[in-house]
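Contents: one structure, followed by commentary.
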Amino acid sequence: MQSLQQLQLLQNPTEAANSQSELEAPPKQVAQAMERLNQAARVIADIRLGADRVFEALFLTSHPRTSTTDTSLQLLLKEDASMRQHLHDLRSIGKKLEESGVLTESLRSRSNSWGLHMPLVCPDGAVVAYAWKRQLAGQAGASAVDRTRLALKAFTDQKRRFFPHIDDGVKMESRSKKHRASHSVLEHGGGEPFDCKTLPDIQSRLEKLVPNVKVSTYGRLSWLKRANSLPGSGSDDDPPEASKLVFQSSSKLRSGLEAEVADKVAVIELYVPSVFRAVVSLNPAGSVDPDSVAFFSPDEGGSYLHSRGFSAHHVYKHITEHASTVLQYFLGFGTGTALYSLLLWICSFESLFSKPCSKCGRLLAMDKKSALILPPLHRAYQELPLAANLDVCEAYHGGCSPDDS
Amino acid sequence: MPVKWVLYWQPNQGSTVSTQILNEAAQCAESINGVKEGRWKATLNYYKPMLRDQSNHPDLPRDFLGISLADQPSKYYFIIRSQRIVVEADASIQLIMEKLQSYKSKVSLYFDGFQYQLGDFRLRVGRVVPVHSESIRGIVMEVEYLPISSVEKARKVMEEFVEIWHEALSKRSLSGKFVNTELNFGEFGLGDHYTPQHTGVQYAIVMAHMIATVQPVVRG
């Protein structure tokens, strides 16, 4: 009930003051009314004291031994004057309060100007103008703390998710230094000369290392065509039909853009039949800088199949999230080897449905956070890209991973 | 189409099948964070040919089965297990058979029960009931892994899921267990990519096992 009143207060500020200060905001009116009520309370206290003094004076007059009638008369007159003054003050304050709509008879029956029902004395004896004000003040204080706490939690969660290597200051620094050194060795070629700065080189290297993974490159438009022509899960009807329609619509776009983007590779697709399809986008097109990656089921198809899209299945959704963290890690080295490392890491998921978790030994486990039964979605990435083969990429469940705090 | 395994309930020696097991299975699904999605049903018919001379033709197969699947409402599947044949037909074939009076259904069974979603898994548990009867002949369970459709690739995942299921169910100390049948889809001419025909074949084999092992109960 009190929150409803607060709402009404916010919505009907103008009804409050009918004579003056109509344009003042409710908080100011509340403050004024509080002030006046405090004044009224002081005046009432003064009146009480004054009444005591009057009684005292009367007592004195009835006991002529303690004082003369003169002094008591003086006393009485003085008190009378001050009492009248106090009562006059009280009356004027009362009038002001009535004008500002605080003290009205109608208030008791139905929510009027401010819709306030005000017990002036709270159960614990404190005199408060508006009972809800205490609640509001309390709430404001509490919610500020809560909001801060939630914001801090959200920030640390995100930091942990996307930049886990920042957390562990000392340990990661030494490891990243070692990697930086080894990455430059890679660039200049250790055993065999390998330049992972060009796409064809990367592609041929991957073909040798992971022959089961099909690596293909596309421009942005041609990827869109391909995504739409892939058979969607569960329906094998007429993929050629779908691709025909897409060709028709995109031919209009072709004329101007095609010439520009024809040679620029912007999307890399890694497809392991029956296991997964991963989409990596390069930004800018034609470079070797990956900017996003997403995993999908091999049976999925449609325009939502792109590097910032999400699969309809939980397992691929979770891997995609993990992949963004890993991508940030590889990009963090700044040595230009991010694409090769990323693609190599993606290929380690060839064993998604066969390699059990290195910690618990099982393939499936109940993930605590999402309450889902999932295979190991994490693959170790710190040893890449120097690995001779992908066996070093150990598999872990979300809850078993050593990276997880 | 996602890979599906069909399991059936095998009661312990001397015990019978009852709806209690169905309820226990439903609760078990919920205990591993399953979300109830609704009901499902399917029908199965055993056919025998209508011949002019009613003498026994020994070479005509006796296990000619027709099944409608919940996932494919517009299709009907025929299986002759002994000859390793599975065929997909339009659902109207039943009407045609009736009009032609070529084959008559000698046994009709209903499957019906509840469906659960457990992340990327879909579980269906249902009872097997003869039409025009209330007695339960058995209980079947379908487990589907939605992300992939390769029978081989999904094998390990399905095996482990069934293990997790057994573990969860064993806490309820029921007198029996769900059994998976070892299938060779290749014998039926089916490939690694899962199709409704694979489901049809699994049901045919499950029914054969069920008829051999389960005794009917008067009151489910």
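The values are calculated or read from the model by the stated rules, or taken from the named source; none is laboratory data. In this text the structure is predicted, and so the values were computed from the model without any measurement. Note that we place each Cβ from the backbone using ideal geometry, even for glycine, and neighbour counts take in every protein chain shown. SASA here: full protein model, heavy atoms, side chains in, ligands and nucleic acids out. Shrake-Rupley method; radii C 1.70, N 1.55, O 1.52, S 1.80 Å.
Details
- Residue check, A:His306 within 28 Å of A:Pro211 (Cβ to Cβ), within 13 Å of another protein chain (Cβ to nearest Cβ) and open to solvent by 10 Å² or more (accessible area, probe 1.4 Å): no
- Of all the residues in region B:66-114, those that are open to solvent by less than 70 Å² (accessible area, probe 1.4 Å) and among the acidic types (Asp, Glu) number 2.
- Among the conditions (1) within 20 Å of B:Trp9 (Cα to Cα); (2) part of a strand (DSSP E or B); (3) within 14 Å of chain A (Cβ to nearest Cβ), the only one that B:Cys28 does not satisfy is (2).
- Extreme residue, farthest from the other protein chains (Cβ to nearest Cβ), among residues of region B:126-169 that are among the small types (Gly, Ala, Ser) and open to solvent by less than 10 Å² (accessible area, probe 1.4 Å): B:Gly138
- Test: A:Thr320 is at pLDDT below 85 and within 19 Å of A:Tyr381 (Cβ to Cβ): no
- Set side by side, the residues B:Glu182, B:Glu144, B:Glu152 differ, and just one is within 14 Å of B:Leu7 (Cα to Cα) and at pLDDT 90 or above, which is B:Glu144.
Per-residue answers, yes or no, for (1) open to solvent by 50 Å² or more (accessible area, probe 1.4 Å); (2) without any contact (Cβ under 8 Å) to a residue 40 or more places away in the chain; (3) of a type in the set (Val, Ile, Thr):
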{"residue": "A:Thr337", "(1), (2), (3)": "no, no, yes"}
{"residue": "A:Tyr340", "(1), (2), (3)": "no, no, no"}
{"residue": "A:Leu343", "(1), (2), (3)": "no, no, no"}
{"residue": "A:Ile346", "(1), (2), (3)": "no, no, yes"}
{"residue": "A:Ser354", "(1), (2), (3)": "yes, yes, no"}
{"residue": "A:Cys357", "(1), (2), (3)": "no, no, no"}
{"residue": "A:Cys360", "(1), (2), (3)": "yes, no, no"}
{"residue": "A:Leu363", "(1), (2), (3)": "no, yes, no"}
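- Among residues of region B:112-125, those that are under 19 Å from B:Asn33 (Cα atoms) and away from chain A (no Cβ under 14 Å), counted: 5
- Just so you know, in region B:26-42 the residues that are surrounded by fewer than 20 Cβ atoms within 10 Å (Cβ to Cβ) and within 13 Å of B:Arg127 (Cβ to Cβ) include one that is farthest from the chain's Cα centre (by Cα), and it is B:Ala26.
- Of the residues making up region B:77-135, those that are assigned to a strand (DSSP E or B), within 21 Å of B:Asp63 (Cβ to Cβ) and polar (S, T, N, Q) are B:Ser105, B:Ser108.
- Condition met for A:Thr325 (part of a helix (DSSP H, G or I) and either within 14 Å of chain B (Cβ to nearest Cβ) or more than 22 Å from A:Glu383 (Cβ to Cβ) (or both)): no
- Residue, nearest to the other protein chains (Cβ to nearest Cβ), within region B:1-25, restricted to residues that are assigned to a loop (DSSP other than H, G, I, E, B) and open to solvent by 60 Å² or more (accessible area, probe 1.4 Å): B:Asn12
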